[in-house]
1. How many residues are assigned to a loop (DSSP other than H, G, I, E, B), open to solvent by less than 80 Å² (accessible area, probe 1.4 Å) and either acidic (D, E) or at pLDDT 80 or above (or both) if we restrict to region 18-35?
2. If you go through region 3-17 one residue at a time, do you hit one that is open to solvent by 100 Å² or more (accessible area, probe 1.4 Å), in a loop (DSSP other than H, G, I, E, B), modelled with pLDDT under 80 and out of contact with any strand residue (DSSP E or B) (no Cβ under 7 Å at 6 or more places or on another chain)?
Amino acid sequence: MLFDDSLDGIEDPASDLYQSMGLVNLAPQDWFVPFDSEQARDPARGFRHP
């Protein structure tokens, strides 16, 4: 079977199946959108240097 009707629309982030499977959108226009901007790294924290 090449097409499974039960998975039709799985790419829609609002679908229950998409959310229950914990999928993420990997489209290039979304690569630099923060996952959770409320939990973003504090910019004043600095970086460790090797």
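1. 2
2. So far as region 3-17 goes, no, none of its residues is open to solvent by 100 Å² or more (accessible area, probe 1.4 Å), in a loop (DSSP other than H, G, I, E, B), modelled with pLDDT under 80 and out of contact with any strand residue (DSSP E or B) (no Cβ under 7 Å at 6 or more places or on another chain).
The values are calculated or read from the model by the stated rules, or taken from the named source; none is laboratory data. This one's a predicted model, so the numbers in the text were calculated from it and none came from an experiment. Cβ coordinates were reconstructed from backbone atoms using ideal geometry, including for glycine residues, and neighbour counts include every protein chain displayed. To get the accessible areas, we keep the full protein, side chains included, count just its heavy atoms, and leave off ligands, DNA and RNA. Shrake-Rupley method; radii C 1.70, N 1.55, O 1.52, S 1.80 Å.
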